[in-house]
Amino acid sequence: MDIKCTERELFILKKIAHAAEELGVETYLIGGFVRDKIIGRNTKDADIVCVGDGIELAKRVAKRFKPEPKFSYFKNFGTAHLRIDSSKHKESSKVLPPIDEEDLTGAAFDLEFVGARKESYRYHSRKPEVIAGTLKDDQERRDFTINALAISLNENDYGKLIDPFDGVNDIKRKIIRTPLDPLQTFSDDPLRMIRAIRFASQLGFTIEEKTFQAIKDEANRITIVSQERITDELIKIIDSAKPSIGFDLLYQSGLLHIIFPQMVDLAGAEYKDGIGHKDNFYHTLKVLDNLSEKTGDTWLRWAAVLHDIAKPVTKKFEEGHGWTFHGHEVVGGRMVPKIFTKLKLPLNEKMKFVRKLVELHLRPISLTKENITDSAIRRLLFDAGEDFDALMMLCEADITSKNRWKVKKYMENFQLVRKRCQEVEEKDRIRGWQPPINGEMIMEIFGLQPSKPVGIIKDAIKDAILDGVIPNSFEDAYQLMLKKANELNLKPVKSELRSR
Ligand code: CTP
């Protein structure tokens, strides 16, 4: 088997081999590093298994680098972690060779050490009871045949591939399969069910039938896995080249019903009086794939996943109109923080970005009609701000018609919207613009706490400027503020406020 390692990787592996020899323990490379080398993917970490004390081996490896790399370990699990940080080691190039151009793995290379083990899991927990074992025991208890491949780092057969479950062949045939009975492997660790789907999505592999049947049978056991681990896998699915593969498998297996039921609600087409609507689940997946061809931005991809999430709850059949989903963008926007909270996704600027895109995703379509005013264009530019390009990408990905003529027409319409927006932006500089009077100034002058009237006055100023009713100047905004406040029976507590 021809496995290509970089100079730096070979250098690190030699150090491990020497430390293992000194300690007198059989040592092997195992897991994702071996798999990815055979596939030809970049690697930035490696798992090392030894028949003995993994923590002690890691300590000895660390001592062979100068300066000594960061070392951490979990005694209960018998695992240790080393981070070989080339930027630190660069100075002493005698110790670590410079990274060549091809080595895209960046500065740090992570090493995970573990002693070979057979594990027995408790049914309601993912925490294993660790019992020392042989290399074969260890390979057996791994998740998939493609992840159970080992390469010897021992002097007598250095570099030899040990493949007891025909993993290399599974890589060639693009098959995901468990080394043991899948029910056993998934019962040991139910997260592996989502991992199987994640690898299928990332690598474009097929999950073997018996293995997939076991996922269907065991899907309910995913409930013992922490949300963080589930979400990590979900993000990897979203980040894969064709994320629809992963989502469709999650759906077919029944896992999606448990981990993300709002997405399942999108599935299916209802009919009334012979009129049906499209299947919004498969539509969403198509939008996600379309977008993924254009961007690797995880959060923009999340916006695709969630853009129609409120269609099921806003769906109505209206006589003479057919199916409608009025307000699904607003209701969908409100669902974003709830879904992010449930999935333990960050509740920060990323969440706000996703929400904004969900809320605005119909706006550019409304601007494809005729006689659109500059003020409507200015409003979109103001509301989308720096996320305007991301929004347009989402809208273009949202075109999923099978009719090529329609697709062409819709794309051309969006090109016109982009052009109009560019013209108006060049003229009025709306993106990143802020009205000359903000909420804080309004509160200061009328002695108000954050409250509804502040929002009313603020919006009135913003709207008047965007609609071209008043010029974009502090003085005009100030006069409008006084007028609006008067209508609301508010009296200034300060007589003067300077432009800031
Ligand atoms: N493993 C396992 N069961 C799990 C997680 C991991 O059997 N639930 C084993 C597999 O042999 C896997 C190795 O531990 O290859 C390392 O796990 P991890 O680093 O999570 O995954 P990789 O296979 O390295 O893949 P990736 O880096 O893409 O996550």
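The values are calculated or read from the model by the stated rules, or taken from the named source; none is laboratory data. Remember, predicted model here, so these are calculated numbers, not experimental data. Virtual Cβ from ideal backbone geometry, glycine too; neighbours counted across all protein chains shown.
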Criterion violated by ILE224 - all others in (1) more than 23 Å from GLU119 (Cα to Cα); (2) within 14 Å of the ligand (Cβ to nearest atom) satisfied: (1)
Any hit, segment 390-411, residues being of a type in the set (Asp, Glu) and exposed (fewer than 15 other Cβ atoms within 10 Å of the Cβ): no
Boolean, ALA196 is assigned by TED's automatic domain parsing to the domain that holds GLN252, under 12 Å from LEU255 (Cβ atoms) and touching a strand residue (DSSP E or B) at 6+ places or on another chain (Cβ under 7 Å): yes
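Test GLY327 against the criterion of being among the small types (Gly, Ala, Ser) and in contact (Cβ under 8 Å) with a residue 12 or more places away in the chain, and give yes or no.
Judged against the criteria, GLY327 is a match.
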Helices (runs of 4 or more DSSP H) enclosed by segment 114-217 - at least 3 residues per element that are buried (at least 17 other Cβ atoms within 10 Å of the Cβ) and more than 30 Å from the chain's Cα centre (by Cα): 135-140
Residue check for LYS236: basic (Lys, Arg) and in contact with a helix residue (DSSP H, G or I) (Cβ under 7 Å, 6 or more places away or on another chain): yes
Residue within segment 26-33 that is part of a loop (DSSP other than H, G, I, E, B), surrounded by 14 or more Cβ atoms within 10 Å (Cβ to Cβ) and more than 15 Å from the ligand (Cβ to nearest atom) present: yes
Single residue of ILE197, ILE215, ILE259 found to be more than 14 Å from the ligand (Cβ to nearest atom) and touching a residue at least 12 places away in the same chain (Cβ under 8 Å): ILE259
Qualifying positions in segment 267-311 - assigned to a loop (DSSP other than H, G, I, E, B) and either more than 24 Å from LYS236 (Cα to Cα) or among the hydrophobic types (A, V, I, L, M, F, W, C) (or both): ALA267, GLY268, ALA269, GLU270, ASP273, GLY274, HIS277, LYS278, ASP279, ILE309, ALA310
Residue selected from segment 411-446 under the condition of a type in the set (Val, Ile, Thr) and part of a loop (DSSP other than H, G, I, E, B), by the criterion modelled with the highest pLDDT: ILE437
Some residue of segment 61-76 being within 16 Å of the ligand (Cβ to nearest atom) and either buried (at least 18 other Cβ atoms within 10 Å of the Cβ) or among the basic types (Lys, Arg) (or both): no
Every residue from segment 1-25 that is part of a loop (DSSP other than H, G, I, E, B) and modelled with pLDDT of 95 or more: GLY24, VAL25
Members of segment 319-342 found to be surrounded by fewer than 17 Cβ atoms within 10 Å (Cβ to Cβ) and not β-branched (Val, Ile, Thr), listed by number: GLU319, GLY320, HIS321, GLY322, HIS326, GLY327, ARG334, PRO337, LYS338, LYS342
Some residue of segment 230-238 being surrounded by fewer than 18 Cβ atoms within 10 Å (Cβ to Cβ), modelled with pLDDT of 95 or more, more than 24 Å from ILE207 (Cβ to Cβ) and not aromatic (Phe, Trp, Tyr): no
